[in-house]
Amino acid sequence: MTDFSEELIRPTTEDEQGKPCVRSGSGMYFPWLQKHIESIASGGKQEKDFAQTTSACLSFIQEALLKHQWQRAAEYMHSYLQVLEDTDSNKRQGAPEIVWRLGSEILYYHPKSNMETFNTFADRMKNIGITNYLKISLQHALYLLHHGLLEDANRILTQAETWRYGEKSSSQEVLVNLIQAYKGLLQYYSWSKKKMELSKLDKDDYAYNTASQNMLNRSWKTSINLCTLIQIPGVWDPFVKSYVEMLEFYGDRDGAREVLNNYAYDEKFPSNPNAHVYLYDFLKREKAPREKLISVLKILYQIVPSHKLMLEFHRLLRKSDKEEHHKLGLEVLFGILDFSGCTKNITAWKYLAKYLKQTLMGSHLAWVQEEWSSRKSWWPSFHFSCFWAKRNWKDDKTLACEKALVAGLLLGKETRLQQWMAGQWRNSV
Amino acid sequence: MDFPSSLPPSLFVTGPLGQSDVPDLSFMCSWRDALTLPESSPQGSQDSAPHVAKALLWKPDTPGPLPLLPPGPDPWDPGLTAKDLLFRGGYQFRRHPRAVLDVTEQISRFLWNHGDIAFAPLGRLLLENFKLEGAHSRSKTKTVVSVKRLIQDLDGHQPWGCPWAYLSQRQRRFSILGAPILSTSVASILGELLHEELALRWERLLLDDAFTGGALAWVPGRTPGAGQLVYPMGSAMDTLCFQKVSLTPESEPQVLRNPGHIQLRGPVRQVVSRSVQGEALLAVRSEHHCALWKVSVQGQPAPLQVLQVDKGATGISLSPHLPGELVICSRSGAVCLWSAEDGLRQIYKDPETLVFRDPSPWRWADFTAHPRVLTVGDRTGVKMVDTQGPPGCGLLLFRGGAEASCQKGERVLLTQHLGDLGPESLHPMLHLVCTQFSLYLVDERLPLVPLLKWNHGLRSAPLLARLLPPPRPGLPQPLLLAGQGGELQLLHLAGVGASTPRLAGLPQSLPTRSDSLSAFPLLEPKSHWRLQERLKAPSIGLTAAILPPGSTPVLSLFQLSAAGDVFYQRLYLQADPGRNARAPAASWTPQATACCSRWLEALLEVPLVPPVWAAPTFSHRRLLGSFEPQKVEGPVPEGFRRAMAQGRLLQRRDLGLLPPEERPPTPEPGPEDELSERLEAAWEFGAAAWWERRRGSRAGPGKQPKRQKRRTQLSSTFSLSGHVDLSDATSPQPSPDRTLPEARPQPPRTPPSQELTQEPWAQGVPSERQQTLRDYMAELPLCTDTPGRTSAVSSQTPSIQATPSRQHTPRDGTVQQLPRGDTPEGATQLSSQTPSVRATPSRQHTPRDGMVQQLPRGDTPEGATLPSSQTPSVLATRSGSQRLRKKPRMGF
């Protein structure tokens, strides 16, 4: 038996499978344990011929796939389908998923495969082994969506949406929600298409009225579809974005705000920077007061100090009347430039040079010292080294000048060594 | 910096590993990542990009990798296999065969082969109740058993295990009296130790994390095609080799002559190189030391720092931001940051694992996009730690649990920061996390939610990974992933700037070293098997270089195997192999096969590994004799001295004391054999000839080797004499069959009299075992009271030189300054009170602490000679570690 199929039937046999690892005392599971056990001539139940051939076939398919030999993989796949009639019930249950996974993979890449083949395969696989109906439907729809067949994708999703089997398990429910959300997304696409057309129409036109009526209906359906999923913890960026856009269009600002607040601040959700970005964008469109915007960006700053919105945050803080905001403004600039991906951000350096001067003239030396104390041990070699001086000078002279200015401001007041370094810097520049 | 404006949908579930009722949204296929959700305008062109990526393929130029360098002169032994450790009988009723450690067989083998070790301490406990030959009974009040008589009764008449063997009254009494002590104590104490050892070996066989990260590094040189490969060599892996290589797009890599060498004091486990701000740096991790070199533009290494890690280092990483900054992890759970300015700083310490309880002491650390934030990982998860914040705080970046839909029993094996590799590369905030099942990409700005998951399906632990720069602007970046077993996978990672990272096309498997077998000429089975073993040796290093953009990008891939072989493979990028055209399979070129033949010739000249264990050369007669104090000064040492003075071979007759060679009774071939032989001969009308032959063979010397061989197999009480059949000794069976390990004769390198000058038990016992045995024997109270040379334990005996503890605590005064015990116990006690990683700011001229005194010699690679003052200690450690390398089979 291969590791692959082991993995799939593990929920039922995991006690037996888990035990061989007890020796290691860690509960770690080794996919290659089986190989070791097989290497010794062990007694015990021998695998049947059928199991041996199917597992060999499976490994051939995987090998062919990893070597991008689609043709060969398809040939083996043809033989592998017999696994669906395995007498071992464990394996038979796991088989459709493997067949679907490998089969769709082959059909996606195979040079001779086309949309019809894929559709037929997906339709067949959905109905073999009931447990995978929803998953396969969803992937099938995504495949169609990817190829631009929105109508077909919508049809598949609609079929899947109403499908029920046995007791409604939580996993089934989440999948149904996901399917509905994708359906909602499809409706959103056609809605936004309509909106585009509508914007071209004259408002007094008769067609305008019917079109807008249509849009209202769609929007109502879509909101039903989308709103259940985005209550569940997860990353739902495309869904939230489109849902909010539609709510905004119909003037439901409170609803949109609630959705975004929930998405950004619910503790059950992962800390997704985009949630805060969406909220900030929404508030900006709403022309919310500066205080409000700052409070949203403050949280984003704590999560991602390197975000490109931070420069905007700095501008907001600079304009603010509060002194603590001015201080935070300095902190934000230093924070951006801490990151290796931002070292060449010319705007940030410009802002920093300007703001440093401003701060020092405003006799807030303590602020600068506070920020600098934790950075003085590494900023000189991180930003102001000879290597960077030469490189920046070669690539971007403005950047080099801004950096030199900042280096002069920061290092000039400190120890002799740093003065020397600043001197070096100036010389080299 | 850009953050993807819209992340792919994913469910977020918290909980432990392997929660079953959660729908795994990563159930989707590899092409899921190729699918893009249309942005708000559905008519946008979604089709173009994925289709280009779909056809991406790196095509190898030969069906398998080729050896780059001739094999090293030292023999290599594949070590233990599952066969050596597991119980081979199966349970009939199990659905799946189980791995059961074979302690019973091992202990019986041990008692049988090393009875001296197992029973000697007890024997000494009971000594006063026995009367040895010639000794006067010490106490009249105690029952005294005469050993001489007992042995006489036993002598040669007791076939092992025969229930009908004759038992004298004396023996019976002895066994009744002795059984409770002999059986319980030995079995319980030794059995426990043995079980522990076996479990450890088995664990290491399943997962050997020593080489995590890889011990092969590419240090780029002045021109893009030139560079150096840095890797350990030698049987002990303690010589760091700097091999200059020049790469051209058209031809094979050119190896320059005279590689540089640096001799280190311990086996090298990890080699990391990085270029920071134009400076090439090289960091090396061995078991208890970490070292840092700066490599000049000409390729000369200059040592910067050596750090000692008492508890053992598990990982080392170089900073991509600040030159010379590095982070070290220790088995104690401490993570230390070293920089030229601040020296060594412990930034994190937690002996417990991050997410849930896991006994593994493995720790790993790497840098992030923020130079002052590090990732700290263990088997259960990865955490981001701010070195400037309060100690111990930080966010979990990756959690082994339902968040990443991990399976039950899934553990982190490797984490890596996929840092800056140029402007066109992936985001510097991405981290790679590998488990035994899957590969995850995590963005440090969105912790806990993997952006990409790929079920790699490797059949061994993925401990090596390398991300390469994009071969051409706009193309996905290749990520190489290698399993310990030698499997290689190449993943195409796309997603620059504001798009999410995804797989561009199905990952690709690359040829393994075993695939090169077809390039070698046909061999006789024994050599073929040897070659096969060599090619199957675990991978311990991986590195690659992409040549500057020419017409077709060429990827040169280098692998280092545990046998010390460096193999290379060149891969060409086929950006559009054509949808219908099936690319012709690569085939062997005449140059490739010639290269393989040359390599094979050199390999077959390498001597085979000497057997790690041979039957102890010990006879009870002699042991009894040696108890006589007056006889110690007898002719043995004198003969020995005389032989040494004359510089000739020591022969049996020089050691007059030795009893005449003792031959256990050889079972004569049964009459049936003779009869059938004779009948066969008669059938062919050759009865007379047979008779003649038989008479001749009885009288002649032709019979001799056969007898000798049989004798070696039969008895463990034979004395190894000077005239062991040499043909037997030099070509022992390399076969994995260990049913008769005692049949392997010891190579005649050691004089046979050695057993008299050294403790008998220490001989032939692998050095690792010796420590275990010493621990065991240290528990027995009598061990130090016995007269010096008799046997067993005394930590002052010279035999301790072979123990692994010696290896890292060289006695050399210039090296060792720490107050440490001689035994590992002493060392651990000490280190638990002190910070487990020590460093001294060693500028070459101010060695404040002797221990740091330039462990790496700062010699240029060309001038690889060592200063004479240093040589002896280096050599001593070298030989020690060489012994360690000989992985003993559990043949006792």
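The values are calculated or read from the model by the stated rules, or taken from the named source; none is laboratory data. These numbers come from a predicted model, not from an experiment. Because the Cβ atoms are built from the backbone with ideal geometry, glycine has one as well, and the counts that use them run over all protein chains shown.
Observations, loosely collected:
- Across segment B:520-535, a minimum of one residue is classified as within 14 Å of chain A (Cβ to nearest Cβ) and touching a residue at least 24 places away in the same chain (Cβ under 8 Å).
- The condition (being of a type in the set (A, V, I, L, M), under 20 Å from B:ALA226 (Cβ atoms) and in contact (Cβ under 8 Å) with a residue 24 or more places away in the chain) is satisfied by just one residue among B:LEU318, B:LEU322, B:LEU326, B:LEU281: B:LEU281.
- Residue selection: B:GLY90 satisfies the criterion of being assigned to a loop (DSSP other than H, G, I, E, B), modelled with pLDDT under 60 and crowded, with 18+ Cβ neighbours inside 10 Å.
- Flag for B:ALA291 being of a type outside the set (Lys, Arg), over 25 Å from B:GLN569 (Cα atoms), part of a strand (DSSP E or B) and out of contact with any helix residue (DSSP H, G or I) (no Cβ under 8 Å at 6 or more places or on another chain): yes
- Of all residues in segment A:81-138, those that are farther than 22 Å from A:LEU157 by Cβ and of a type in the set (A, V, I, L, M, F, W, C) total 8.
- Segment A:228-255 - residue that is surrounded by fewer than 22 Cβ atoms within 10 Å (Cβ to Cβ) and among the aromatic types (Phe, Trp, Tyr) and, of those, farthest from the chain's Cα centre (by Cα): A:TYR250
- Qualifying strands (runs of 3 or more DSSP E) (wholly inside segment B:422-510; at least 1 residues being aromatic (Phe, Trp, Tyr) and within 13 Å of chain A (Cβ to nearest Cβ)): B:452-455
Conditions tested, residue by residue: (1) of a type in the set (Lys, Arg); (2) facing chain B (nearest Cβ under 10 Å); (3) assigned to a loop (DSSP other than H, G, I, E, B); (4) in contact with a Pro (Cβ under 6 Å, 6 or more places away or on another chain).
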site	(1), (2), (3), (4)
A:HIS140	no, no, no, no
A:TYR143	no, yes, no, no
A:THR158	no, no, no, no
A:SER171	no, yes, no, yes
A:LEU175	no, yes, no, yes
A:TYR188	no, yes, no, no
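- Residue within segment B:267-278 that is part of a strand (DSSP E or B), of a type in the set (Val, Ile, Thr) and within 14 Å of chain A (Cβ to nearest Cβ) present: yes
- When each of B:PRO50, B:PRO60, B:PRO75 is tested for being more than 7 Å from every other protein chain (Cβ to nearest Cβ), modelled with pLDDT of 85 or more and crowded, with 18+ Cβ neighbours inside 10 Å, the lone residue that passes is B:PRO60.
- Filter result (surrounded by fewer than 20 Cβ atoms within 10 Å (Cβ to Cβ), farther than 30 Å from B:ARG285 by Cβ and in contact with a Ser or Thr (Cβ under 6 Å, 6 or more places away or on another chain)) within segment B:513-567: B:PRO521
- Listed conditions (1) more than 11 Å from chain B (Cβ to nearest Cβ); (2) at pLDDT below 80 are all met by A:GLN180, apart from (2).
- Residues within segment A:159-192 that are over 24 Å from A:TYR250 (Cα atoms) and of a type in the set (S, T, N, Q), tallied: 6
- Considering only residues in segment A:263-308 that are of a type in the set (Ser, Thr, Tyr) and within 24 Å of B:LEU11 (Cα to Cα), the one that is farthest from the other protein chains (Cβ to nearest Cβ) turns out to be A:TYR265.
- Flag if B:LEU256 is more than 14 Å from chain A (Cβ to nearest Cβ), surrounded by fewer than 22 Cβ atoms within 10 Å (Cβ to Cβ), in contact with a Phe, Trp or Tyr (Cβ under 7 Å, 6 or more places away or on another chain) and at pLDDT below 90: no
- Some residue of segment B:226-238 being more than 30 Å from B:PRO78 (Cα to Cα) and more than 22 Å from the chain's Cα centre (by Cα): yes
- Options A:THR343, A:THR347; residue that is under 26 Å from B:HIS427 (Cβ atoms), more than 10 Å from chain B (Cβ to nearest Cβ) and within 32 Å of the chain's Cα centre (by Cα): A:THR347
- Selection status of A:GLU63, assigned to a helix (DSSP H, G or I) and modelled with pLDDT of 90 or more: yes
- Of all residues in segment B:292-303, none satisfies being under 24 Å from B:GLY377 (Cα atoms), at pLDDT below 90 and in contact with a Gly (Cβ under 7 Å, 6 or more places away or on another chain).
- The residue that is surrounded by the most Cβ atoms within 10 Å (Cβ to Cβ), among those in segment A:108-128 that are part of a loop (DSSP other than H, G, I, E, B) and free of Cβ contacts under 8 Å to residues at least 40 places away in the same chain, is A:SER113.
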